[in-house]
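Student: Please see the structure below; I have some questions.
The values are calculated or read from the model by the stated rules, or taken from the named source; none is laboratory data. Computed from a prediction, not measured in an experiment: that's the story for all the values here. SASA here: full protein model, heavy atoms, side chains in, ligands and nucleic acids out. Shrake-Rupley method; radii C 1.70, N 1.55, O 1.52, S 1.80 Å.
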Amino acid sequence: MPAYLVIHVERHGDDTLIEDPNLTVEFVDGWVLFKDRDLIAPNRVAIAIPATQVQRVERVDEQQEPAPQEE
């Protein structure tokens, strides 16, 4: 499941963990946008944070390894 840790500029130690099975993140026009890729409303913004308030965003989930290819 996608999980992102938002490390804030001023709130040291009070970071935000955001998890959702359909979550994506984009950096657009001074905003960090977390979007939901569900089928009903694709690309709906679930959370928007001004980029000036964010030091960095880290993906922290364990990404699955690709399935081995058969020969």
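Student: Length gain on complete extension for the stretch GLN55 to HIS8, per 0.36 nm per residue less the alpha carbon to alpha carbon distance? Numbers along the way, then the final one.
Tutor: Working: separation 47, 0.36 × 47 = 16.92 nm, distance 0.52 nm.
Net length gain for the segment: 16.4 nm.
Student: A further question follows. Would you please give the residues with an amide H less than 5 Å from that of VAL54, counting only those at least 5 places away or on a separate chain, with H modeled from the backbone geometry?
Tutor: VAL9
Student: Once ligands and nucleic acids are excluded and a 1.4 Å probe is used, how much of GLU26 is accessible, expressed in Å² to the nearest 10?
Tutor: Answer for GLU26: close to 70 Å² accessible.
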